[in-house]
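Single-structure report; data block below.
The values are calculated or read from the model by the stated rules, or taken from the named source; none is laboratory data. Keep in mind the model is a prediction, meaning the values are calculated, not measured. Cβ coordinates were reconstructed from backbone atoms using ideal geometry, including for glycine residues, and neighbour counts include every protein chain displayed. Heads up: the accessible areas ignore ligands, DNA and RNA and are worked out on the full protein's heavy atoms, side chains in. Shrake-Rupley method; radii C 1.70, N 1.55, O 1.52, S 1.80 Å.
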Amino acid sequence: MQDSDILPYRPADIEPGWQKSWLDSGMYEIDNDDPRETRYVLSMYPYPSGPAHIGHVRNYTFGDLLVRYHTMHGRGVLSPIGFDSFGLPAENAAIKHGEHPRPFTDARIEELSASLRSIGAVYDWRRVVKSHDPDYIKWSQWIFLRFYEAGLAYRAYAPVNWCPGCKTVLANEQVVDGLCERSDDVVEKRNLDQWFYKITDYAQELLDDLDDLDWPARVKTMQRNWIGRSEGAEFGLPVANPDGTPNTDAAPLQVFTTRPDTGFGMTFAVMAPEHDRVDEFTTAEQQADVDAFRVSVKALSEIDRMSTEGEITKRGVFTGGSVINPFTGKAIPVFLADYVLTTYGTGAIMAVPGQDQRDWDFAKAYDLDIVRTVEPTEGFDGEAFTGDGPAINSEWLNGLGVTEAKAKTMDWLVEQGLGEATIKFRLRDWLLGRQRFWGAPLPMVKCEACGFVPVPDDQLPILLPDDVEFRPSGESPLTYHEGFLNTTCPKCGGPAQRETDTMDTFVDSSWYFLRMADAFNDEAPFSHEALEKFLPVDQYIGGVEHAILHLMYARFFMKALADLEIAPKTLREPMRRLFTQGMVRMGGGKMSKSKGNTVAPEAIVAAHGADALRLAILQVKPPAEDVDWEDFQLDGCERFLHRVWRLAIPGTDLFTDVRSGAPDAADNDIAKATHVLIERITNEYERWAYNNAVAGFMEFTNTVYKYVQTPEGPHAETLHFAVDTMLKLMAPAVPHITAELWRHRHGDDAPQIHLERWPIADPEMLIVSEVTMIVQVNGKVRDRIEVPAEISDADAEALALASAEAQGYLTGAPKKVIVRAPKLVNIVA
RNA sequence: GUCGGAGUGGUGGAAUUGGCAGACACGCUAGCUUGAGGGGCUAGUGCUCGAAAGGGCGUGGGGGUUCAAGUCCCCCCUCCGACACCA
């Protein structure tokens, strides 16, 4: 191809200009009364940790491609961006430098915004939501107060992570391998008074509604497991006197089981060490042992628990007390064991060693009876048998399978007045208070006389003070800031103190996408109209690390807001479709700032251009998979863009050495290939097969290169249609080079390529008249024959049998011929 | 341990419905661009036997269903991820 002095492709010369024009023209801004059909495309708003790293870039490239793709379809795309700007790293930096987190955070947001713009990502920047914005804080607090009024926010005691060094509660994420992330102190469990959101009210709905979401199956599975619904029976074990007779004065010990059918095999009962009735069962002679055990469990740090990974040592102690197995009428001993948790079920279990491995291990360790109640399958050589089989040693259940036995037992428990069928969830209420500074203050006031009193709406927002001093200890400055702390009770007017807990940052991320739909509203967090127009999010994009917490909390918020009629009543799910992209690894490990193995996009953009980086991201792997930075093919992608440039830039021989007049057969093939490309790329984009789309561009480019080098030369209209169409199809992926080439090809006055309509393939041009038919003998390919696409089965068979190639492998008459015209004929010899 | 996902050339990957395995790219090899080049163009490139023509083998391993299996079924191995004593 000619190398005359055409305008060279220099990304650095063209990219900043286009980025500025997209920003200045407001072409990706959308108003709430926009008449177009809408799409809401959202990438999870990032934590602003400074300039973007390559993982961000991957995420935002996918989102940007979709925004541009839908825009070219004539849709009004809501493409907002925001920043999850509260949280620990900024606070830690503040403690370290003795500086307020706000300027630090604002600077990081500026850096991140600049990197997003430098890769050509387009947003409606007017709608930016920042968690630490006073306006956003106000509405987060306002929503908390509505939840509080509705009983969805409450205060209760809960075991929490306590760092003795920092004298503060830690979020689970702040506990790393049992140590405080900041001070490396061993974290303890403490029971403290805490704020909760009552997400468990929605456990069943959160589970049920998963069915209708267009989300990755694994995310749905993870959420189902996290919610952890189990059906079973809750019933009472009568307390036994020392002589084994029932003590009718004491309330029965409540237990929960999913296997009520195994009741006859219950040979002991186990309570959690923290169970509040432990003392009642403990006899004088066992008191010392029980106390010692409880102390040891309490002292059991996260570290000790981790160290038992793999083989679990069963630790427990006998209380001296006993209960009656209501099935057999016999007294059985009551133990404490650390494998029974207060936080699940009733905090006490009936132990059936024959049918539960943990109970089996415990029974072996403490030399307790084991009674099988389900006949193990033939040849079973394990210990506890958890499978199905006929009941044994179970009187009136004998012979029944597990399902029938469960049902019969359930009826019996109800009849006897012992208990009932129940459903338990693993899901816990959401502990939302954090003893940290850099978060939205909980809008509550503590009054000696009135208790906790909500801050009235007209006093919102409660903002963080500016004049704070960060002590190296890590305690929240709110706890010793007199100006913030002291206030008057909104109810009685007496002296009172503000709540110093701030909200978990997951509260901020639970509704930011709603605010983005109505970011300018100063009457309410959002209007029903705005949500009805834009919500649910049509495509949400983010990392799978948020599969459980963020996405569960956001779903809970949506349902609660709808029930409180803050949001439209029928809007019960926030994200219609979810895509979880894989992460970018480096040196086989996760890329993270703390490891120092991040790749800054700035250097890549400077060296290869934003388009080459975007193309490399799309090309390297299917978006859902993890990718190693080492596998990126930046050079190859950049080379390809140069190739496209040379093909499309005016001034080459291609613009002069072209044929006019009627197209010939070869030209028609190119025209057809162009229509096939439209069909292919549209399909690849729709199904997130961006790597295949890039392959499609490359194949087509190769085809066109061959075409222009034929002796006849290219046909003017055919060539220009092919190139223009490919540029349009590539525009969402590589927006700068396509915009620039379009401008050169169509002039400065023509609308830019991103305002062009998405091409539609002509069905006539997609019709294939001739195909290659495969002729197989015994499943092996022996010949290929060009045949008309509409060939009949009989003709295909005749052609295949006549094939000399195939005949060479046939000794006699074929046993069987399978015909799949026009693609394949298989002759079975 | 439980639940998910994955294993295809030297490398990243493709194969949407059971129907040509390896598209596209990286890398490598050769030729051309009368020279150099981290440039451009063209051709070749799964393994193996063979001088060639041509043959055989081939999608982690083993078995099965089928005219036909990367794709479906059973067993096993390895890697990755999530939850991890949830009664």
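Considering only segment A:400-416, state which residues are open to solvent by less than 70 Å² (accessible area, probe 1.4 Å), more than 15 Å from A:Val255 (Cβ to Cβ) and either touching a strand residue (DSSP E or B) at 6+ places or on another chain (Cβ under 6 Å) or at pLDDT 90 or above (or both). Matches in segment A:400-416: A:Leu400, A:Ala405, A:Lys406, A:Ala407, A:Trp412. Are any of the residues in segment A:10-24 of a type in the set (A, V, I, L, M) and exposed (fewer than 15 other Cβ atoms within 10 Å of the Cβ)? Yes: segment A:10-24 contains one or more residues that are of a type in the set (A, V, I, L, M) and exposed (fewer than 15 other Cβ atoms within 10 Å of the Cβ).
All of (1) open to solvent by 30 Å² or more (accessible area, probe 1.4 Å); (2) farther than 24 Å from A:Tyr344 by Cα; (3) assigned to a strand (DSSP E or B) hold for A:Asp458 with one exception: (3).
Scoring A:Ile678 on the criteria (1) closer than 17 Å to A:Ala648 by Cα; (2) in contact with a Ser or Thr (Cβ under 7 Å, 6 or more places away or on another chain) leaves a single failure, condition (1).
Residues checked against (1) more than 16 Å from RNA strand B (Cβ to nearest atom); (2) more than 30 Å from A:Gln19 (Cβ to Cβ); (3) small (Gly, Ala, Ser):
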position: A:Arg743; (1), (2), (3): yes, no, no
position: A:His746; (1), (2), (3): yes, no, no
position: A:Val768; (1), (2), (3): no, yes, no
position: A:Gln776; (1), (2), (3): no, yes, no
position: A:Ala804; (1), (2), (3): no, yes, yes
position: A:Lys815; (1), (2), (3): no, yes, no
position: A:Leu824; (1), (2), (3): no, yes, no
position: A:Val828; (1), (2), (3): no, yes, no
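Between A:Ile760, A:Ile827, the distinction of being crowded, with 16+ Cβ neighbours inside 10 Å and either out of contact with any helix residue (DSSP H, G or I) (no Cβ under 9 Å at 6 or more places or on another chain) or among the aliphatic types (A, V, I, L, M) (or both) belongs to A:Ile827 only.
Could you say whether any residue in segment A:168-177 is buried (at least 18 other Cβ atoms within 10 Å of the Cβ), among the β-branched types (Val, Ile, Thr) and in a loop (DSSP other than H, G, I, E, B)? Scanning segment A:168-177, I find no residue that is buried (at least 18 other Cβ atoms within 10 Å of the Cβ), among the β-branched types (Val, Ile, Thr) and in a loop (DSSP other than H, G, I, E, B), so the answer is no.
Here A:Ile541 meets the list (1) in contact with a Gly (Cβ under 7 Å, 6 or more places away or on another chain); (2) open to solvent by 10 Å² or more (accessible area, probe 1.4 Å) almost entirely, failing just condition (2). Pull up segment A:364-381, narrow it to residues that are touching a residue at least 24 places away in the same chain (Cβ under 8 Å), surrounded by fewer than 17 Cβ atoms within 10 Å (Cβ to Cβ) and not aliphatic (A, V, I, L, M), then point me to the one that is farthest from A:Gly316 (Cα to Cα). Within segment A:364-381, the match that is farthest from A:Gly316 (Cα to Cα) is A:Asp369. Of all the numbered requirements in (1) within 10 Å of RNA strand B (Cβ to nearest atom); (2) more than 27 Å from A:Arg577 (Cβ to Cβ); (3) in contact (Cβ under 8 Å) with a residue 24 or more places away in the chain; (4) surrounded by fewer than 20 Cβ atoms within 10 Å (Cβ to Cβ), A:Phe640 misses one, and that requirement is (4).
Among the residues of segment A:390-399, the one identified as without any contact (Cβ under 8 Å) to a residue 24 or more places away in the chain, surrounded by 14 or more Cβ atoms within 10 Å (Cβ to Cβ) and either small (Gly, Ala, Ser) or touching a Leu at 6+ places or on another chain (Cβ under 9 Å) (or both) is A:Pro390. Tallying residues that are open to solvent by 50 Å² or more (accessible area, probe 1.4 Å) and closer than 29 Å to A:Arg146 by Cβ within segment A:201-223 yields 5. Checking every residue in segment A:345-359 against the condition of being open to solvent by 10 Å² or more (accessible area, probe 1.4 Å), within 7 Å of RNA strand B (Cβ to nearest atom), of a type in the set (Gly, Ala, Ser) and modelled with pLDDT under 90 gives at least one match.
Residue pairs whose Cβ atoms lie under 7 Å apart, separated by 6 or more positions or on different chains, with the first residue in segment A:766-792 and in contact (Cβ under 8 Å) with a residue 60 or more places away in the chain and the second within 12 Å of RNA strand B (Cβ to nearest atom) and not in a loop (DSSP other than H, G, I, E, B), are A:Leu766/A:Val676; A:Leu766/A:Glu679.
I'm trying to understand the selection: among the residues of segment A:682-704, which are open to solvent by less than 20 Å² (accessible area, probe 1.4 Å), part of a helix (DSSP H, G or I) and either within 9 Å of RNA strand B (Cβ to nearest atom) or of a type in the set (S, T, N, Q) (or both)? Hits for segment A:682-704 are A:Glu684, A:Val694, A:Gly696, A:Phe697, A:Thr701. Take the conditions (1) surrounded by 13 or more Cβ atoms within 10 Å (Cβ to Cβ); (2) touching a strand residue (DSSP E or B) at 6+ places or on another chain (Cβ under 8 Å); A:Thr479 misses just one of them, which is (2). For segment A:525-538, the set of residues classified as touching a residue at least 24 places away in the same chain (Cβ under 8 Å) and either within 16 Å of RNA strand B (Cβ to nearest atom) or open to solvent by 10 Å² or more (accessible area, probe 1.4 Å) (or both) consists of A:His528, A:Glu529, A:Glu532, A:Lys533, A:Leu535, A:Pro536, A:Asp538, listed by residue number.
Cβ-Cβ distances below 7 Å connect the following pairs, each with a first residue in segment A:281-294 that is part of a helix (DSSP H, G or I), a second residue that is of a type in the set (Phe, Trp, Tyr), and a separation of six or more residues or different chains: A:Gln286/A:Phe318.
Might you let me know whether segment A:126-142 holds any residue that is in a strand (DSSP E or B), buried (at least 21 other Cβ atoms within 10 Å of the Cβ) and free of Cβ contacts under 8 Å to residues at least 40 places away in the same chain? Looking through segment A:126-142, none of the residues is in a strand (DSSP E or B), buried (at least 21 other Cβ atoms within 10 Å of the Cβ) and free of Cβ contacts under 8 Å to residues at least 40 places away in the same chain.
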